[in-house]
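As C-alpha cells, the structure follows; a few thoughts come after it.
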Amino acid sequence: MTKQIQIGKTDLYVNPIGLGTNAVGGHNLYPNLNEEVGKDLVRSALNNGVNFLDTAFIYGPGRSEELVGDVIKESGKRSELIIATKGAHKLVGDDVLLDNSPAFLKQSVEDSLKRLQTDYIDLFYIHFPDESTPKDEAVGALKQLKDEGKIRAIGVSNFSIDQLKEANKDGYVDVLQGNYNLIQREAEQDFLPYTSANNISFIPFFPLASGLLAGKYNKAMTFNDLRADMPHLKGEEFAKNLEKVELIRKIANSKEAEVAHVVLAWYLTRDSIDVVIPGAKRAEQVLDNLKTLNVHLTDQEIHDIDSIFK
Ligand code: NAP
C-alpha cells in the first residue's frame, strides 16, 4: 500500500497523489463532458489506491459532487476515503454570487452532504472569498461544523494573503488551496512562507498548468474551453513555456519518467505541500499520474527544475 501522508495538522492521511474532479460532471467548465467517462475515472482512481478526491459545488454546479458521491457509494469504501469539497457560490436566478456568511456556509455543507451521499465531509473549503463577511467569522462557522462532526478539516481557497491571515486569526485554517504550478509561481512570494510558518497545508490547483505541464501540447494547439483565456497557453508565452517543458523532458527521460510525473514529484518536495490533486479527463490519465510515486528527485534535479522555470 502506498505510504499515507498526513495533510498538515489535520488527522487526514492520504496517498499524496489525489484526484481533482472538476472534469467529472463539470459541464460549466468543460463542454461535452461524458458523465460515464467521468465516473469511470473516479472508479479507476479508487481501485488503484487514490483515496483523496477534490470536488466543489460549482463544478456542474452540483453535478461533480453527485457523480463522485455515486461512485463512492457503489465502491463501499467511504470510510477509507478523504473527500474534499468547496462552497461559497450562490445561484440566484441566472447570477452566481459569492457568500461566506455563516448561515450560507452551514447550508452549503448540508447540501454537499446530500449530493455526496455521506454524513461527513473530510475537508470543506470556502471556495472563494465574498466581499463582506469577516473571514474569521466565516471560518468560525466551519469550526462549529467541525465540532459537530459534520466536517473534519477546514480549508480556504482563492483568498488573498490578508484574507488568509484574517481567516486564520484563531489558528483554525488547516488547508489553503491556491493556484500554483511551475509556470505560475506567485504563491512563493507570500502564501507558501505563511502556510509553512503556520502549519497550514498548501494544495496547489492547476498543478499541470491545465495540461501544459503534462508535456503533450505543441505550438499548433488551440483551446475552446476554460483554457482559451489562459495567457500561458497563448502566443509567445505559450511557445516559451513549451521550450521549458522540453528541458523538463530531458530530465524526465534521464530517469525513464515522464514530464507530468517529474513535475508532480517536484511539488511534493516543496515545504508545506503534502499532496497534489491533478485533474483528469480519462481513467488512463489517473493511472498515469500515479507513476509520480515512483519518481525520486535528487537535490540537483530539484534545483534544476526550479531554475528552468524561475
Ligand atoms: P490540472 O491538474 O493542471 O490539469 C489537468 C488536465 O491535464 C486534465 O484535465 C487533462 O486535460 C490533463 N492531464 C492530466 N493528467 C494527464 C496525463 N497524465 N497526461 C496527459 N494529460 C494529462 O488542472 P485542473 O484539473 O483544472 O486542476 C486540478 C484540480 O484542482 C481540479 O480538478 C479541481 O479539483 C481543483 N481546482 C480548484 C480550483 C479552485 O478554485 N480551488 C481551481 C481550479 C482547479 P486534457 O486531457 O484535456 O489535456
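Matching residues to (1) part of a strand (DSSP E or B); (2) within 21 Å of the chain's Cα centre (by Cα); (3) free of Cβ contacts under 8 Å to residues at least 60 places away in the same chain; (4) within 16 Å of the ligand (Cβ to nearest atom):
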site: Val50; (1), (2), (3), (4): no, yes, no, yes
site: Asn100; (1), (2), (3), (4): no, yes, yes, yes
site: Leu105; (1), (2), (3), (4): no, yes, yes, yes
site: Arg115; (1), (2), (3), (4): no, yes, yes, yes
site: Thr118; (1), (2), (3), (4): no, yes, yes, no
site: Phe124; (1), (2), (3), (4): yes, yes, yes, yes
Query raised in the report: What pairs can you find where one residue is in the stretch 212-226 and at pLDDT 95 or above, the other is near the ligand (Cβ under 8 Å from one of its atoms) and assigned to a loop (DSSP other than H, G, I, E, B), and their Cβ atoms are less than 8 Å apart, with a gap of 6+ or different chains?
Result: Leu213/Asn181; Leu213/Pro207
Query - Number of positions in the stretch 268-310 that are touching a strand residue (DSSP E or B) at 6+ places or on another chain (Cβ under 8 Å), assigned to a helix (DSSP H, G or I) and within 11 Å of the ligand (Cβ to nearest atom) - result: 4
Query raised in the report: What number of residues within the stretch 227-267 are in contact with a Leu (Cβ under 9 Å, 6 or more places away or on another chain), within 17 Å of Gln184 (Cα to Cα), part of a helix (DSSP H, G or I) and free of Cβ contacts under 8 Å to residues at least 40 places away in the same chain?
Result: 6
Query - Close pairs (9 angstrom Cβ cut-off, 6 or more residues apart or separate chains): closer than 16 Å to Leu264 by Cα and assigned to a strand (DSSP E or B) in the stretch 11-33, charged (D, E, K, R) and near the ligand (Cβ under 8 Å from one of its atoms) anywhere - result: Leu19/Asp54; Gly20/Asp54
**Report entry** Condition check for Asp54: surrounded by fewer than 14 Cβ atoms within 10 Å (Cβ to Cβ) and either at pLDDT 95 or above or over 20 Å from Ile126 (Cβ atoms) (or both)
**Finding:** no
Report summary line: Ser160 vs (1) within 14 Å of the ligand (Cβ to nearest atom); (2) at pLDDT below 95; (3) exposed (fewer than 14 other Cβ atoms within 10 Å of the Cβ): all pass except (2)
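From the list Ala84, Ala138, exactly one residue is among the hydrophobic types (A, V, I, L, M, F, W, C), out of contact with any Gly (no Cβ under 6 Å at 6 or more places or on another chain) and in a helix (DSSP H, G or I). Which is it? Let's see the steps before the verdict.
Values: Ala84 fails: in a helix (DSSP H, G or I).
Selected residue: Ala138, the only one of Ala84, Ala138 that is among the hydrophobic types (A, V, I, L, M, F, W, C), out of contact with any Gly (no Cβ under 6 Å at 6 or more places or on another chain) and in a helix (DSSP H, G or I).
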Query - Filtered residues of the stretch 142-158 (kept if within 18 Å of Ala56 (Cα to Cα) and either aliphatic (A, V, I, L, M) or assigned to a loop (DSSP other than H, G, I, E, B) (or both)) - result: Leu142, Leu145, Lys150, Ile151, Arg152, Ala153, Ile154, Val156, Asn158
Report task. Starting from the stretch 279-301, take each residue that is closer than 17 Å to Leu53 by Cβ and list its partners that are surrounded by fewer than 20 Cβ atoms within 10 Å (Cβ to Cβ) and among the aliphatic types (A, V, I, L, M), counting only C-beta distances under 7 angstrom and pairs at least six apart or across chains. Result -> Arg282/Val37
Requested in this report: Hey, could you check the stretch 199-216 for residues that are out of contact with any helix residue (DSSP H, G or I) (no Cβ under 9 Å at 6 or more places or on another chain) and at negative phi and say which is surrounded by the fewest Cβ atoms within 10 Å (Cβ to Cβ)?
Outcome: Phe205
Query raised in the report: In this structure, does Ser79 turn out to be part of a helix (DSSP H, G or I), under 20 Å from Ile154 (Cα atoms) and small (Gly, Ala, Ser)?
Result: yes
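How about the stretch 193-210: which of its residues are in a helix (DSSP H, G or I) and either aromatic (Phe, Trp, Tyr) or away from the ligand (no atom under 16 Å from the Cβ) (or both)? Break it down into steps so the answer makes sense when it comes.
Of the stretch 193-210, the ones in a helix (DSSP H, G or I) are 193-197, 209-210.
Those that are in a helix (DSSP H, G or I) and either aromatic (Phe, Trp, Tyr) or away from the ligand (no atom under 16 Å from the Cβ) (or both): Pro193, Tyr194, Ser196, Ala197.
The values are calculated or read from the model by the stated rules, or taken from the named source; none is laboratory data. Remember, it's a predicted structure, so these values are computed and weren't measured experimentally. Because the Cβ atoms are built from the backbone with ideal geometry, glycine has one as well, and the counts that use them run over all protein chains shown.
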